[in-house]
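The values are calculated or read from the model by the stated rules, or taken from the named source; none is laboratory data. Keep in mind that this is a model prediction, so the values were computed, not measured. Note: ideal-geometry Cβ built from the backbone for every residue, glycine included; neighbour counts use all protein chains shown.
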Protein chains: 2
Amino acid sequence: MTAPVVAVIGGGQLARMMSPAATALGVGLRVLVEDSGTAAAQVVVDAPVGRPAAGSPVVDLVTGPPTAAVLTFEHEHVPPHVLARVAELGVPVRPSADALVHAQDKIAMRRRLSALGVPCPRWAELPDEAALEAFLDEVGGEAVVKTARGGYDGKGVRVVRAAADVLDWFAAAADGGPALLAEEKVPFVRELAVLLARRPSGECRTWPVVETVQQGGVCAEVLAPAPDLDPEVERAAVEAALRVAEGVDVTGVLAVEMFEVPASGPGDARVVVNELAMRPHNSGHWTIDGAVTSQFEQHLRAVLDLPLGDTAVRAPWTVMANVLGSTLEDLTDALPAVLGADPAAKVHLYGKEVRPGRKLGHVSVSGDDLADVRRRAAAAAALLRGE
Amino acid sequence: MTAPVVAVIGGGQLARMMSPAATALGVGLRVLVEDSGTAAAQVVVDAPVGRPAAGSPVVDLVTGPPTAAVLTFEHEHVPPHVLARVAELGVPVRPSADALVHAQDKIAMRRRLSALGVPCPRWAELPDEAALEAFLDEVGGEAVVKTARGGYDGKGVRVVRAAADVLDWFAAAADGGPALLAEEKVPFVRELAVLLARRPSGECRTWPVVETVQQGGVCAEVLAPAPDLDPEVERAAVEAALRVAEGVDVTGVLAVEMFEVPASGPGDARVVVNELAMRPHNSGHWTIDGAVTSQFEQHLRAVLDLPLGDTAVRAPWTVMANVLGSTLEDLTDALPAVLGADPAAKVHLYGKEVRPGRKLGHVSVSGDDLADVRRRAAAAAALLRGE
C-alpha cells in the first residue's frame, strides 16, 4: 500500500492546521481551496482551486490520482447532491451527508436533538411571523431568531422582541432564502464546549470540557479545562455530547457548544446545547499545544478509521486566545514583540490578509496558574492585534 | 511588511519537520530539494529542485521573488563559494560559512575546539601513513580514523589498528579525496548530546542534556533528559557546548555530540566532544513532543533573529526511538497497529521509500516512568519496522 490521501473541502485555517498533523502521520492531504492564496493553500502542496457547489471540483478532488481514502471537511457548506456523487464513486464521506445535515441546518439539528432527548432550549420553527409572535409570548417576550442555514460566528443570529425585528429575514425566506427558527434566550452562567472524535467503528474519545468566552458572537478565548466545573454539569455536558455523536452517527471531530444553566432544582438539565460543528473547531485549538493528541491529528485519525489518540491534557491549564483583527499590516511584524514578551507562548498565525474582526491567528499558553496563563495568552493576542 | 521567507538547502526529513513550525509561525519556507519526491518536497509548497553545488539553484532559491530573509540548511554539504555568492546578494547565511566549516570539516573542527579549550579526544591530522602509525603508538595501538569531510551516520569512520586498515582512504586522499584525521578511541560511559540554539544577537538557549544510544554508528534512541546525570558532568557538557557556540559564532541550532568519560581524578574532563552539527539534529527530535519549543521552531526563530522559545520539558521523560529500515512496503500500513497499541505514542513518518537501515521515521513517548516510556517507544518503532 501507499500512504492514504485525505481529501478536504475548504481552504481556511482549519485545513491549514490539519497539515502539520498529516505531515507527522505521513498521510497525504489534498485540499479544495477557494483561491490559491488561502490559509491552507499556502502550506498544502496538493491544493486545487474550485467551488464545491459546482460538483466536479469535488469529484476531481477525490479521484486524484491517487483516489482519496476519504473525503472530509473544514466547513459544512457543501450541497448534499455533491456528497452523494462522491459516495457513488466508492469514496467514504466522513462525516456522512446524513450526519452533516445536523450541522448544516439548525432546524434539522433541533428536531433530531429533541428526538434524542438531548437538552435544548425551547425552540420553534418559524413558517411565518405569527409563529414568532406566538413563540415570543411563550418565552416571555424575547427570543433568539436564527437562519437555519448559512450562519456562523454570530452571523444569522438576532435577538428579537417582535416579528418586526426580522421582517427582512422573513422576506428572504419567502424568496427562497433560509428557513427560520426561534430559540429561547437561555439565562446561562457561561458557555461550555465538548469536543470529541468518533471513528466509523464507533470508538469515541472526548477531550476535557472547556469554557469558551465569546465576543460579539465570536469565540475569543477558551479555558481548558473549564475552571470550577461542577461534576454534575461535567457529566451532563459529556453525556449530551456523546448522545449527539452516537445519535447522528458522527465520524471525525464533533464540537458541541453548550450553555451552562443555573441549578434550579433536582433533575433539571444543567446544560443546553447551542450549536454543533462536525469538524475541528475553534474551541479545540488549545489541543495543539495543550493535549497529547490535537483535534487536527484526531480528525485525520477518525476519518481514516485509525485508532484514536490520547486526549489527556499536557498541563493543568491551557488558555487559547484568538487574534480577531489587527492594526498591523502583517501579523509576523509582531513576532519580535510577542515571542520576546513570552518565550513559552505558542503562536499560530494563519497567513490571512488583515480585515477587521477576522480570525487571523491564535495563541496558547499552558501552565499551573490559570490567572497567569490567561493573562499571558491575552497579552500575546493583544500584541498580535497591534495593541 | 509581508511574512519573511526562510530558504533552506536540503529536502530530507529535517526540512520536512521545519514545515509545521513555519506554518504555525506564519513564516514562509522555500526548500531546495534533491528531487520532487523527497521527504520535504512532499509537504513544502515552495520546493524547487536543484543541486546546491551548481550555485545558481541556491541563488534562485534566495532571490525568489520574494527575496528570502535568510538562507539556512538541513545538511552541511554546501560549498563555501556558493554561500559567498548568497552573502554578496545581501541575504544572511545562518550559520555563516565561517561557522559552518566546523561542521563540514572535522580537521577544522578539531583545530578550533582545541584552540577554544573545549575537551576533545587526543587527535592528529594524517598527512601520511607514518602519521597514523605514530598516533597509534601514542594512544595504545587502536584509533578511530575519520575522513575530514563527507561522513555521516557512521560513514567515513573506521576503527583501525594499523595504517594498512585505511590504505584505500590514504589513496583517495592522495587523489583529491577528503583529508584524514585520527582520534583516540575514548573509553566512554555513554553518549550525551547538548542541543542549543543561538541567534545573531547572541541570545542562546540550551535544551536539557540528553543521552543518545547508537546502533552501528546511527542514532537509534534518545533519552531526554539523560537519566542519572551527575551534575558535574551536566555542567561540563553544557559549558563545552556553549563554548563551541560562542567560539565559532553559531547561529541556528547546534548539536554537540559528546562522550561521557569515567571520573579519573579531580579536574579531569568528564566529557569529550565527538561531533558537531549546525542544524536541527536527530538527538533533538524529542523536542517536537517533549519540549515547549521544538528544535525546528527554534531553528527558524534563531536564523530569523527572533527571540528564542522556552526549552523546558513538557513531561519528566521523553524517549525518541528511530525507525531504521522496515519490512513494510509503506510505513503507514503499520498505523492501525501502532496507534492502536499506544494511544499516546507520537508517530512521525518521513514519507521516504523503504531501504535497509534508512531513517524512515521516529516515535516519541512521554511520561513519568522512564522504563515504561522507553519500552513503549521501542515497541512502537518495532511495529513501524514491521516486527
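Some observations on this one:
- Total residues in region A:330-346, condition more than 17 Å from residue B:69 (Cβ to Cβ), within 7 Å of another protein chain (Cβ to nearest Cβ) and in contact with a Gly (Cβ under 9 Å, 6 or more places away or on another chain): 2
- Taking the listed residues B:279, B:243, the one that is more than 17 Å from the chain's Cα centre (by Cα) and at pLDDT 95 or above is B:243, with no other qualifying.
- All positions within region B:135-164 that are surrounded by 15 or more Cβ atoms within 10 Å (Cβ to Cβ) and farther than 20 Å from residue B:103 by Cα: B:135, B:136, B:139, B:143, B:160, B:163
- Among the residues listed as B:360, B:335, the single one being part of a helix (DSSP H, G or I) and touching a Leu at 6+ places or on another chain (Cβ under 9 Å): B:335
- Restricting the first member to region A:98-124 and to residues that are in contact (Cβ under 8 Å) with a residue 60 or more places away in the chain, and the second to residues that are assigned to a helix (DSSP H, G or I) and among the polar types (S, T, N, Q), the beta-carbon pairs closer than 9 Å and six or more apart or on different chains are A:120/A:114; A:123/A:114.
- Candidate set: region A:337-365, residues that are touching an Asp or Glu at 6+ places or on another chain (Cβ under 6 Å) and in contact (Cβ under 8 Å) with a residue 12 or more places away in the chain; chosen: the one nearest to residue B:21 (Cα to Cα): A:346
- Residue match in region B:286-293 (condition: away from every other protein chain (no Cβ under 11 Å) and either over 30 Å from residue A:313 (Cβ atoms) or crowded, with 18+ Cβ neighbours inside 10 Å (or both)): yes
- Scanning region B:182-219 for residues that are of a type outside the set (Phe, Trp, Tyr), within 30 Å of residue B:325 (Cβ to Cβ) and at pLDDT 95 or above yields a count of 13.
One line per residue, one yes/no per condition, for (1) crowded, with 22+ Cβ neighbours inside 10 Å; (2) assigned to a loop (DSSP other than H, G, I, E, B); (3) outside the structural domain of residue B:19 (by TED's automatic domain parsing):
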{"site": "B:351", "(1), (2), (3)": "yes, yes, yes"}
{"site": "B:374", "(1), (2), (3)": "no, no, yes"}
{"site": "B:377", "(1), (2), (3)": "yes, no, yes"}
{"site": "B:380", "(1), (2), (3)": "yes, no, yes"}
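- Enumeration of residues in region A:216-250 that are hydrophobic (A, V, I, L, M, F, W, C), surrounded by fewer than 22 Cβ atoms within 10 Å (Cβ to Cβ) and touching a Gly at 6+ places or on another chain (Cβ under 9 Å): A:218
- Restricting region A:36-48 to residues that are within 11 Å of chain B (Cβ to nearest Cβ) and within 12 Å of residue A:9 (Cβ to Cβ), the residue that is farthest from the chain's Cα centre (by Cα): A:47
- Complete set of residues in region A:221-250 that are among the charged types (D, E, K, R) and within 30 Å of residue A:372 (Cα to Cα): A:221, A:228, A:230, A:232, A:234, A:235
- With respect to the conditions (1) in contact with a Leu (Cβ under 6 Å, 6 or more places away or on another chain); (2) part of a loop (DSSP other than H, G, I, E, B); (3) hydrophobic (A, V, I, L, M, F, W, C), residue A:103 falls short on a single one, namely (2).
- Residues that are surrounded by fewer than 18 Cβ atoms within 10 Å (Cβ to Cβ) and closer than 23 Å to residue B:85 by Cβ, drawn from region B:36-49: B:46, B:48, B:49
- In region B:100-114 there is no residue that is more than 30 Å from residue B:236 (Cα to Cα), out of contact with any Pro (no Cβ under 9 Å at 6 or more places or on another chain) and surrounded by 14 or more Cβ atoms within 10 Å (Cβ to Cβ).
- Set B:8, B:59: member being away from chain A (no Cβ under 14 Å) and over 21 Å from the mean Cα position of the chain (by Cα): B:59
- The single residue among A:51, A:16, A:94, A:85 that is over 30 Å from residue A:135 (Cα atoms), charged (D, E, K, R), within 14 Å of another protein chain (Cβ to nearest Cβ) and touching a residue at least 12 places away in the same chain (Cβ under 8 Å) turns out to be A:16.
- Positions within region B:129-151 being assigned to a helix (DSSP H, G or I) and in contact with a helix residue (DSSP H, G or I) (Cβ under 7 Å, 6 or more places away or on another chain), in sequence order: B:129, B:132, B:133
- Leading residue by the ranking (nearest to the chain's Cα centre (by Cα)) among those in region B:347-379 that are within 11 Å of chain A (Cβ to nearest Cβ) and of a type in the set (Val, Ile, Thr): B:363
- The residue that is nearest to the other protein chains (Cβ to nearest Cβ), among those in region A:309-325 that are surrounded by fewer than 23 Cβ atoms within 10 Å (Cβ to Cβ) and either of a type in the set (Gly, Ala, Ser) or not in a strand (DSSP E or B) (or both), is A:310.
For (1) surrounded by 22 or more Cβ atoms within 10 Å (Cβ to Cβ); (2) away from every other protein chain (no Cβ under 11 Å); (3) more than 20 Å from the chain's Cα centre (by Cα); (4) part of a loop (DSSP other than H, G, I, E, B), each residue gets a yes or a no:
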| position | (1), (2), (3), (4) |
| --- | --- |
| B:264 | no, yes, yes, yes |
| B:268 | no, yes, yes, yes |
| B:274 | no, yes, no, no |
| B:297 | yes, no, no, no |
| B:307 | no, no, yes, yes |
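- Members of region A:107-129 that are of a type in the set (A, V, I, L, M) and touching a Lys or Arg at 6+ places or on another chain (Cβ under 8 Å): A:116, A:118
- Condition met for residue A:314 (in contact (Cβ under 8 Å) with a residue 24 or more places away in the chain, of a type in the set (Lys, Arg) and touching a strand residue (DSSP E or B) at 6+ places or on another chain (Cβ under 7 Å)): yes
- Among the residues of this structure, residue A:174 counts as one that is modelled with pLDDT under 95 and in the same structural domain as residue A:162 (by TED's automatic domain parsing).
- Residue in region A:119-129 that is farther than 30 Å from residue A:236 by Cβ, over 18 Å from the mean Cα position of the chain (by Cα), surrounded by 15 or more Cβ atoms within 10 Å (Cβ to Cβ) and not hydrophobic (A, V, I, L, M, F, W, C) present: yes
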